[in-house]
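Report on one structure; see the data block that follows.
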Amino acid sequence: EEKLARDLYLAFYEQFGTPAFRNIAAAEQRHMASVLVLMDRYGLNDPAGNSGPGLFADPELATLYEQLLAQGSASLSEALRVAAAVEEIDILDLQESLARTDKVDISRVYQNLLAGSVNHLRAYSSLWERQTGQEYAAQHLDAGAYEELLGENGRRPGQRRGGRGAGRGR
């Protein structure tokens, strides 16, 4: 999933030139490295391996990547919407994974990945709001969970409605 996010964001950066895609793709690369440390520690094979951008051993991930890429390639606002949806799904998956582990090292990595996904969702939803002039509505998280994770109405404290506050979506 981290590779899917990274590859999508790099493709969107190439298409639209929006720096957030490049910056968050770099963060996804760091997330992949964190997960790889755990995989090595526990003797698991890396399903991403050294596969190139958009290439996945899992046919379901390959299909999902192609669908999301096509959807996001329609416009910058659609790319931001797709990216926010990816982060929402990552948040849900990480919350579920955290509930299933009792290993401290795995929990720590998952907590860090979760915090990153929340920050990425905040950035993408804020950019989407600026791009469209509309308030972002969660696509996979329920509204209450979205507000709880991102603060009142999905914004940092003190940020004005519409994502035009002093923050830079980081």
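Quick notes on this structure:
- Qualifying residue in the stretch 85-101 (condition: outside any helix (DSSP H, G or I) and open to solvent by less than 40 Å² (accessible area, probe 1.4 Å)): yes
- Sub-8 Å Cβ pairs linking a first residue in the stretch 108-136 that is without any contact (Cβ under 8 Å) to a residue 60 or more places away in the chain to a second residue that is acidic (Asp, Glu) and open to solvent by 40 Å² or more (accessible area, probe 1.4 Å), at least 6 apart or interchain, are Glu129/Glu135, ordered by first then second residue.
- Residues of the stretch 136-147 include none that is outside any helix (DSSP H, G or I) and over 25 Å from Gln67 (Cα atoms).
- Any chance Tyr124 is under 24 Å from Gly72 (Cβ atoms), of a type outside the set (Gly, Ala, Ser), at pLDDT below 95 and part of a helix (DSSP H, G or I): no
- The sole residue among Arg41, Arg6 that is charged (D, E, K, R), in contact (Cβ under 8 Å) with a residue 24 or more places away in the chain and surrounded by fewer than 16 Cβ atoms within 10 Å (Cβ to Cβ) is Arg41.
- Residues in the stretch 54-89 that are in contact with a Ser or Thr (Cβ under 8 Å, 6 or more places away or on another chain) and modelled with pLDDT under 95: Ala57 only.
- Just one residue in the set Ala33, Ala11, Ala20 is within 25 Å of Arg108 (Cα to Cα) and aliphatic (A, V, I, L, M); that residue is Ala33.
- Residues being without any contact (Cβ under 8 Å) to a residue 12 or more places away in the chain and either over 18 Å from Glu1 (Cβ atoms) or not basic (Lys, Arg) (or both) - total across the stretch 94-107: 7
- Residues that are in contact with an Asp or Glu (Cβ under 6 Å, 6 or more places away or on another chain) and small (Gly, Ala, Ser), drawn from the stretch 50-88: Gly54, Gly72
- Test: Phe56 is surrounded by fewer than 21 Cβ atoms within 10 Å (Cβ to Cβ) and within 30 Å of Glu147 (Cβ to Cβ): no
The values are calculated or read from the model by the stated rules, or taken from the named source; none is laboratory data. Computed from a prediction, not measured in an experiment: that's the story for all the values here. Positions of Cβ are generated from backbone atoms using ideal geometry, with glycine treated the same way; all protein chains shown enter the neighbour counts. Quick note on the areas: whole protein, heavy atoms, side chains included, nothing else; ligands and nucleic acids left out. Shrake-Rupley method; radii C 1.70, N 1.55, O 1.52, S 1.80 Å.
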